[in-house]
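Worksheet for the structure shown next.
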Amino acid sequence: MEQEQEKKININFGIKEISTLKFSLNNVPGVADITKGDVQFQIVPRSFINYEYSIVGFEIAVNISFEKNGRNNICELITRSSFEVNNLQEFVPPEKKDNPDLPMNFMQTLLSISLSTTRGILAAKTEGSILSGICMPILNPTSFKPASPYMKVEG
C-alpha cells in the first residue's frame, strides 16, 4: 500500500509593508537601571488577510512591564508586517477567503519574520531609553496557537 503524499504548494510571496501602528514608552518613577530579569514581555500576534489584494500578515502587540505582576507598564508596541502572496488565489478558493486554511508552515514562516521585525523595531525605538539593551526574547513561532478567524484589513 502506497502512502498518500502530501500535496506541495509553491507559495510566491514578498514583504509588502512594515509599519509601527503604536509605540509608547512610559517613564517609571524610581527605575534607573532595569535588567532583563526585571521586565515581563507579553507578546500577542494576530493574523490578517486581504484576499482581494493578496495580502497576508501579522500584527504583533508587545507590552513590556516592570515587576512580575505586570503592574507598571513601561512600553507598548504594535507592528504590522504585510506580505504580498502573488499566487494566493491558486490555493485559497474564493469561497474560503474569509477563513482560509493557509499552510501552517507558511504561516509560521510569516510569524517568524514578523516577530524578528518587531524585535528590531523595538530595539531601535528603545535605544537610549531605560529599556536600552533589553531585547524581546527569541520565540518559537510554533508555540503560538493559530488565531482564527483572520482579521480582515482594507487595502
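What follows is calculated from the coordinates using simple rules that are stated; it is not laboratory data. Every value quoted in this text rests on a predicted model; they were computed, and no experiment measured them. With ideal geometry, Cβ positions are generated from the backbone for all residues, glycine too; neighbour counts draw on all protein chains shown.
Here is the P(r) of the stretch 13-144: all C-alpha pair distances, binned every 5 Å from 0, give 2, 10, 20, 20, 15, 12, 8, 6, 4, 2, 1, 0 in whole percents.
Between residue 132 and residue 63, the modelled label-to-label distance comes to 2.8 nm, taking each label 7 Å out from Cα in the direction of the beta carbon.
Beyond 26 Å between alpha-carbons counts as too far, so tell me which of 8/97; 22/96; 16/97 fall in that bin. With Cα atoms farther than 26 Å apart: 22/96.
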